[in-house]
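The values are calculated or read from the model by the stated rules, or taken from the named source; none is laboratory data. Every value quoted in this text rests on a predicted model; they were computed, and no experiment measured them. In this analysis, Cβ positions are derived from the backbone assuming ideal geometry, glycine residues included, and neighbour counts consider all displayed protein chains.
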Amino acid sequence: MNLTFKRKLPTPLEVKQMFPLDEELRKIKEENDKEIKAIFEGKSDKFLLIIGPCSADREDAVLDYCKRLRKVQEDEQVKKELFIVPRIYTNKPRTIGVGYKGMLHQPDPTSDPDMLKGIIAIREMHMRVLKETGFSCADEMLYPDNHRYLSDLLSYVAVGARSVEDQFHRLTASGIEIPVGMKNPTSGDMNVMLNSIYAAQQSHTFIYRGWETTSQGNPLSHAILRGYVDEEGSSHPNYHYEDLIHLVDLYDSSKNHFVNPACIVDTNHSNSNKQYLEQVRIAKEVLHSMNHNEKIGKIVKGLMIESYIEDGCQKITENVYGKSITDPCLGWEKTEKLIKDIAAIRQNKNY
């Protein structure tokens, strides 16, 4: 094989033993999980905001950002209407395979990849956020084999547009106990996404990390609408009223029975054509659609928003604190206003 085997990495169990989660933090995470589960099961009327940087590139800025989120979460109206889950995405998929692949690969974006340092860095960062803010966060399951390094810390998992048709992602998702969002593929094929959701809701026997395993099925697997790209490379949104009704109809008309049919709308990526300021308008349009149609109001459980401390994005070499080094993000002042606006709109909902 054309591979160089550099060193054997510690197993997830070994890493968890080196950096254990104490009982107090475990209970906080369990309470967060219960709140989020209740939203997806329709037992809670709160609205989910999965919000944060495109890629978690440095611990200090990510922790700073999450502390700001905690202050907003404690606002009386926000606390009543919304449940915030910070995005701490430590793996970054690349369309053509090259470029910065996230903190797991490069804990220092300006240095060479170091997977051992990366594994330790992402676990320590998630643990610090949980300990210092009470947030258990969201991450993308770019590599199913790596999920267990963070499985005791995460409250939400996303399967990306490039991975949603992969069998290993689907089977692994079926063995996860927290919500797993399946993004529509980059082509926009909704049936691929629905097949992935249904597969994740079923029990399977498969090989995972060298073990023969049997999953119980994940009733909290659901759709994430993120827009799509056509054959000519142009972006097209799928967050409009008609798109949401179409998803409702697909769930209703499917020959497969979906448990807890649900959707999260991603306000960036192809939905905004990566025009990050459009996220404000898109979020409010989705809320208007929910308010206009009861079925949309029931199926849309939240929004996914890309946000950081500074507006936009930068090159890695610029080293601006709290500014994305991947896709452009909404800055903090606009983010705080948007969160409070969403809470206010939710308070006046009529569904």
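Flag: residue 169 does not match the condition of being touching a helix residue (DSSP H, G or I) at 6+ places or on another chain (Cβ under 9 Å) and farther than 27 Å from residue 303 by Cβ. Criterion first (at pLDDT below 95 and among the charged types (D, E, K, R)) does residue 230 satisfy it? So residue 230 passes the test.
Note on the range 10-69: residues that are outside any helix (DSSP H, G or I), hydrophobic (A, V, I, L, M, F, W, C) and surrounded by 16 or more Cβ atoms within 10 Å (Cβ to Cβ) amount to 8. Taking first residues from the range 193-219 that are at pLDDT 95 or above and partners that are assigned to a strand (DSSP E or B) and of a type outside the set (Val, Ile, Thr), the Cβ contacts under 6 Å between residues at least 6 apart in sequence or on separate chains come to 193/182; 193/223; 196/182; 197/182; 197/221; 200/221; 201/221. Here the range 212-236 is the region considered, the condition is being among the hydrophobic types (A, V, I, L, M, F, W, C) and part of a strand (DSSP E or B), and the residue that is surrounded by the most Cβ atoms within 10 Å (Cβ to Cβ) is 225.
Does residue 6 fit the bill of being free of Cβ contacts under 8 Å to residues at least 60 places away in the same chain, farther than 29 Å from residue 265 by Cβ and part of a helix (DSSP H, G or I)? Against the criterion (free of Cβ contacts under 8 Å to residues at least 60 places away in the same chain, farther than 29 Å from residue 265 by Cβ and part of a helix (DSSP H, G or I)), residue 6 does not qualify. Considered as a group, the residues in the range 326-344 that are farther than 18 Å from residue 82 by Cβ, of a type outside the set (Val, Ile, Thr) and in contact (Cβ under 8 Å) with a residue 40 or more places away in the chain include one that is surrounded by the fewest Cβ atoms within 10 Å (Cβ to Cβ), and that residue is 327. Pairing each residue of the range 58-87 that is modelled with pLDDT of 95 or more with any residue that is small (Gly, Ala, Ser) and assigned to a helix (DSSP H, G or I), provided the two are 6+ apart or on different chains, yields C-beta distances under 6 Å for 77/343; 78/343; 81/343; 82/343.
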